[in-house]
Amino acid sequence: MTVMAETGTRRFALIGTPNSGKTALFNALTGSRQKVANYPGVTVERKSGALRTPSGRSVSLVDLPGTYSLRARSPDEEVTRDVVLGRLASETAPDLLVCVADATNLRLALRLVLELKSVGRPLLLVLNMIDIAKHRGVEIDIDKLSAELGVPVITAAAVRRGGTDELLRRLDEMAAGEMGTPAASAWQAPTTSELRAAQREADRIIKAAVKLPAKPDTLTTRLDAVLLHPVAGLVILLAILFVMFQAVFSWAQPAMDLIQSGFDGLGTLVQTWVPDGLVQSFLKDGVINGVGSVLVFLPQILILFLFILLLEDLGYMARAAFLMDRIMGGAGLHGRAFIPLLSSFACAIPGIMATRVIDNPRDRLTTILVAPLMTCSARIPVYTLIISAFIPNKEVWGFASLQGLVMFGLYTVGIVSALGVSFIAKQFFWRDTPTPPFMLELPDYKLPRPRSVLMGLYTRAKMFLQRAGTTIFSMMVLIWFLASFPRPPAGATEPAIDFSIAAWLGHLIEPLLAPVGFNWQISVALIPGMAAREVAVAALGTVYSIEGGKEAAEQIGQVLANKWTLATALAMLAWYVFAPQCASTLAVIKRETGSWKWMAVTFAYMLTLAYIAALITYNVAVALGAG
Amino acid sequence: MATNGHSNGHGPNGHAANGHNGGSAPAPLGHAPRGFSGRIETIVVAEGASDLPEGELERRLIELGFTEGAAVEILHEGAFGRDPIAVRINNATVALRRREAMAIFVI
């Protein structure tokens, strides 16, 4: 054993086609020792993790974006190519390429293996999901396959207990051995005839080493007969979305009530034990009220992500793209844009980052521009608050709640306007841009694994809490400060907030927002709301609670119901459908498009739409007597 | 480019039942109805049929497994204009639009 092997950490890279179960294998190998960052200069996610082999050797494992070929067509695939070829300045080439293949679907993976062989780096082929393959009657002669490919082959079942033991032992052996200095790569982008030849060779090897069952996966076939049915498929897709939003609204309620009463209790404690004055106000109005009013939405966000993760793991997302392709295409979007847009329901940031799967730059840009119109989870706090304060909680048609229906309506307006904006962009600005192809593998359905779903939920919850702890918390402190200083002169009879900077700022903007029915308190709340949408709720809470003094211990919803007209509430909802109130989203747009211009365009068009929508809503509502 | 004798031996067995005869001329998959099953004869991208750079559509089709001799079957089609289509190709399923499927000639 050399000194190098003792001390230096080996660097292995996972590479594979989409749907090969690569990420599940990565999760199984690294567990919670994962780090997600970005490759420098690009916005491609760099997922890496530490791996400890059975003999205690430490290996750093990087999960490369999925690809069918090194012939990169998107930023993600370029990263994969550059890492594999050692072209990335920030990263030394991996010591070992671990190519992951779905054992039930080897055809395209073996062609990739043949291409990777020409790179000239140590290579190991992992046949993942071997349990499913065996269950289906796929017989693979591992030794023969390895001999024909000239590459060591090992089997694994990432989601089974002990399913990666053999792989770990093998990785251990390889980490211990001498890996040699990387040779200069002979790889060149293959021509069509080379691609054909490679696929023929792959097919020949499959014929020699693999015995496939006569029938394909019958469960997937039977499910698809319904789920991809032209009519039933679309109806089911709509039903899934409907259930998703009803669930976000009703399932989360008990947990939200619990969190709310927890923070209320905390506020009461502070009020009892901390003497009246600035410190009490800071703790109660600024910290507890502020952070609490945002944290209370964690259950809803988790339920939404639960649905998205389940649908993704099930293999349904690609089907949704298939069903929506023509509808999206009519609006000038790519079928693949469906997945980024659906993720935008959770948050526009991962949604915008997910547009990297769209290889055509124009299509990608359109999707980025409209993604913030999809109703993200940060709008949920604002919607929930206003809906529960102003919309009566009654049943309609015997099964749906009116509040849930309004929520569904707001989501629909978001979707329709996203499609409308992209349609207009396509018609007026990008008329002559050609339509790129839509080609997508539809993976076999798989039962989602609780472990991987929980891991996904944990990551999201952590991200949300981090945000609540940093951005939102500091915004709340700022709002409290603005609303509390300068202090009112001694003997003043008006509420303290009337003397503050916040009131001054609010009154300054008020004339601009008066036509849409917003008072100065809303104007103040909208300022920090520019940083993050959900902050506006907390800001309103802080503003009204400082204004009301000690008596305003009542819940923010009741305060609004007393202080706002229905027309103002509806205008606020309309505003929130469109308003570009999220600094992080704008920052991501700038980063993803690489230009300030598209960030400015997004901000301007969304602000204009928000103002017009709120203006119309307010005036119509007032005319109908809701003023 | 002919691939006679190159059979995978594990495609959907429907093509036999479909009774296509070897004598019929290759037709584009883009025109085939749902339920069609057959084999790929050749991939030819007509001039102006794709907005991608030259050769790119052909490469992408090959990378998704559309190669001469492979067994194909149209499993599903979309609600509007019967587009896109879901194609069983050997042992996998791929969704694509009829426009691109025009480059795949099948018998």
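The values are calculated or read from the model by the stated rules, or taken from the named source; none is laboratory data. These numbers come from a predicted model, not from an experiment. Cβ atoms come from the backbone with ideal geometry, glycine included; neighbour counts cover every protein chain shown.
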### Criterion: facing chain A (nearest Cβ under 9 Å), in contact (Cβ under 8 Å) with a residue 60 or more places away in the chain and closer than 24 Å to A:Leu227 by Cβ - qualifying residue of B:Arg88, B:Arg82
B:Arg88
### Query
Which number in (1) over 10 Å from the mean Cα position of the chain (by Cα); (2) in contact (Cβ under 8 Å) with a residue 24 or more places away in the chain; (3) more than 7 Å from chain A (Cβ to nearest Cβ) marks the one condition that B:Glu56 misses?
(2)
### Query
Within segment A:500-518, how many residues are over 34 Å from the mean Cα position of the chain (by Cα) and part of a loop (DSSP other than H, G, I, E, B)?
1
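Could you look through segment B:59-68, keep only residues that are assigned to a loop (DSSP other than H, G, I, E, B) and within 8 Å of chain A (Cβ to nearest Cβ), and pick out the one that is nearest to A:Arg196 (Cα to Cα)?
The extreme case among them is B:Thr67.
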### Query
Within segment A:372-426, which residues are under 25 Å from the mean Cα position of the chain (by Cα) and not in a helix (DSSP H, G or I)?
A:Met374, A:Thr375, A:Cys376, A:Ser377, A:Ala378
### Summary
Scanning segment A:294-332 residue by residue, the ones that are within 14 Å of chain B (Cβ to nearest Cβ) and closer than 25 Å to A:Ser422 by Cα total 16
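In the list A:Thr155, A:Thr191, which residue meets the criterion of being within 12 Å of another protein chain (Cβ to nearest Cβ), of a type in the set (S, T, N, Q) and within 29 Å of B:Thr67 (Cβ to Cβ)? Break it down into steps so the answer makes sense when it comes.
Numbers: A:Thr155 fails: within 12 Å of another protein chain (Cβ to nearest Cβ).
The unique qualifying residue is A:Thr191.
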### Task
Test each condition in (1) modelled with pLDDT under 90; (2) in a loop (DSSP other than H, G, I, E, B) for A:Tyr445 and report the one that comes out false.
(1)
## Note on the structure
Only unsatisfied item for A:Gly277, checking (1) surrounded by 15 or more Cβ atoms within 10 Å (Cβ to Cβ); (2) at positive phi, is (1)
### Summary
Those residues of segment A:461-487 which are surrounded by fewer than 17 Cβ atoms within 10 Å (Cβ to Cβ), modelled with pLDDT under 75 and not polar (S, T, N, Q) amount to A:Met463, A:Gly469
### Summary
Counting only residues that are closer than 25 Å to A:Leu440 by Cβ, hydrophobic (A, V, I, L, M, F, W, C) and assigned to a loop (DSSP other than H, G, I, E, B), segment A:48-103 contains a total of 4
### Query
Restricting the search to segment A:201-215, which residues are surrounded by 15 or more Cβ atoms within 10 Å (Cβ to Cβ) and within 7 Å of chain B (Cβ to nearest Cβ)?
A:Asp203, A:Lys207, A:Leu212
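With aromatic (Phe, Trp, Tyr), over 30 Å from B:Asn91 (Cβ atoms) and out of contact with any helix residue (DSSP H, G or I) (no Cβ under 6 Å at 6 or more places or on another chain) as the only criterion, which of A:Phe408, A:Phe428, A:Phe390 stands out?
Answer to the check: A:Phe428.
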### Query
How do the helices (runs of 4 or more DSSP H) wholly within segment A:278-322 filter down when requiring 2 or more residues that are of a type in the set (Val, Ile, Thr) and within 16 Å of the chain's Cα centre (by Cα): which remain?
A:298-314
